[in-house]
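No value in this document is a laboratory result; all are computed from the given coordinates. Just so it is clear, the structure is predicted and the values come from calculations on it, not from any experiment. For neighbour counting, all protein chains shown are included, and Cβ atoms are generated from backbone atoms with ideal geometry for every residue, glycine included.
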Amino acid sequence: MSFTALQSVDVAGKRVLLRCDLNVPIKEGVIRDDGRIRASLPTIKYLIENGARIVITAHLGRPKGERNPDMTLAPVAERLGELLGLPVLFSPEIVGSGVDALKTALMPGQVLLLENIRYEAAETSKDESERAAFAAQLATGMDLFVSDGFGAVHRKHASVYDVAKLLPNAAGFLVAAEIEVLQKLTENPDRPYGVVLGGAKVSDKIGVIKNLLNKVDLLAIGGGMLFTFLAAQGDEIGKSLVEVDLIPEVKKLLQEAKDLGVELLLPTDIVVAPTFAEDATPTLVSAAQIPADQIGLDIGPVSAAAFGQAIEKCHTVFWNGPMGVFEFPNFANGTKVIAESLTKVSGISVVGGGDSAAAVRALGFKDDQFGYISTGGGASLEYLEGKSLPGIEVLNNA
Ligand code: AMP
């Protein structure tokens, strides 16, 4: 994988089109976790300090080509300005003559953020020519493209992929750092190497499990996805989340793990409740016998401790996805214990994905307690699946 490092490009006075990942959780206009904005600061500050004129594109949520006021980047522009300590111009228009005039008027060191790029259907279009035409509008008046929106590099989107074909380009500091960490996880990781997966769906993670099974020493499974594994073992899972169609594939994975000698950890105790609700009464049961009227909402304390002990022994750990419904305090313990154990890993510990990162921050952990907090869940999972990342592949080594 080769791309030009930002430091090696002369950016002084240049008009730089910068793709960032500013996809932060916002509720009622308030940013709940500004981690992705903070992660974008090193590149933005570098460009400011080196006299570039900066136009930032970014997305928020999935507005599907429509102007949805709940998904405006306006609050992000304000927060970015606060963090930079200087005003950030905000353009509700994304392309067109008005934006082109703003681009022309930018002074060195000035920052302009364009509105949610996914308000434009062409951004995510499957039609290459439609995307290319939109990318050409984005590139109008610009001298250089800097790719720093790691959370979107697995997407063939106009502002991520097509613009790189139109402008000289370089990778920003965040993208470079994320790729370096992912390479460490895939090329000769320090052993023992443990991977901890949770979150809602097996279907999101099955590709990663398949690709990593012969590379890891330990695989621990929690979250909603664990019940498909329990069902594959023939356990009673009550009303817990399950992807029935994946049971045969999961059975094969269980056998493969055994054949390869990989330690595959599944919980032995589960915190259940009769309903999926914050105030539902939690009960602890055996993982093999979840009552028919109960839903598994977290791994139990015995399992969390066992997972934690196994993780702490590893020298390389990658974790993606909460162990339970951490948004409800009664079902957050498993995720908390696992996060705690990652902070004790002596080698490299990676928390993968914006949602997992937001979860550990919401539970009171600090970023610097972990080796690395990745901003891109989907992108890092696809990389670990062995897939190529179009937004990285397209960058040329200028
Ligand atoms: P993901 O986006 O796949 O990482 O999934 C994250 C979501 O999985 C969180 O919002 C959790 O509440 C949810 N989750 C974790 N454990 C469970 C479970 N046992 N049942 C249902 N949802 C869960």
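For the listed peptides 203-211, 286-294, a ranking on the average number of other beta carbons within 10 Å per residue, highest first, reads 203-211, 286-294. Descending by average beta-carbon neighbour count within 10 Å, the peptides 344-350, 15-21 line up as 15-21, 344-350, the highest first.
Just report the Cα centroid separation between the range 54-104 and the range 204-263, whole Å. So the two Cα centres are separated by 42 Å. Can you bin the range 38-112 into rounded, prolate or oblate? Criterion: square roots of the alpha carbon gyration tensor eigenvalues sorted a ≥ b ≥ c, rounded for a/c under 1.5, prolate for a/b above b/c, oblate for the rest. Oblate, because a/c is 1.5 or more while a/b does not exceed b/c. Pairs from the list K27/K126; K210/K313; K165/K201; K126/K251; K165/K205 with a Cα-Cα gap above 27 Å: K27/K126; K165/K201; K126/K251; K165/K205.
Quick one: net charge around F173, please, counting Lys, Arg +1 and Asp, Glu -1 for every other residue with C-beta under 15 Å from its C-beta. It works out to a net charge of -1. Looking only at F150, F318, F328, which one moves most when the chain is put into a Gaussian network model with springs between Cα atoms under 10 Å? Fluctuation is largest for F328. Other residues whose C-beta falls under 12 angstrom from the C-beta of V242 contribute a net charge of -2, scoring Lys and Arg +1 and Asp and Glu -1.
Model label points for E263 and N68, set 7 angstrom from Cα along the Cα-to-Cβ axis, are 4.3 nm apart. Residue exposure proxy: Y161, Y119, Y383, ordered by other Cβ atoms within 10 angstrom of their Cβ from fewest to most, comes out as Y119, Y161, Y383. Once you have a ≥ b ≥ c as the square roots of the Cα gyration tensor eigenvalues for the range 69-141, tell me rounded if a/c is under 1.5, and otherwise prolate or oblate according to whether a/b is larger than b/c. It comes out oblate by the Cα gyration axes. When a/c reaches 1.5 or more, the comparison of a/b and b/c decides; with that in mind, is the range 188-384 rounded, prolate or oblate per its Cα gyration tensor? Oblate shape, in that a/c is at least 1.5 and b/c is the bigger or equal ratio. Each Lys and Arg contributes +1 and each Asp and Glu -1, all at the Cβ; summed about the Cα centre of the range 6-177, the dipole is approximately 260 debye. Seen from K251, the other residues with C-beta closer than 15 Å to its C-beta sum to a net charge of -3, counting Lys and Arg as +1 and Asp and Glu as -1. Over the chain, dividing the summed -39,500 (n - 2.57) contributions of all DSSP H runs of at least 4 residues by the number of residues returns a 222 nm mean residue ellipticity of -10000 deg cm²/dmol.
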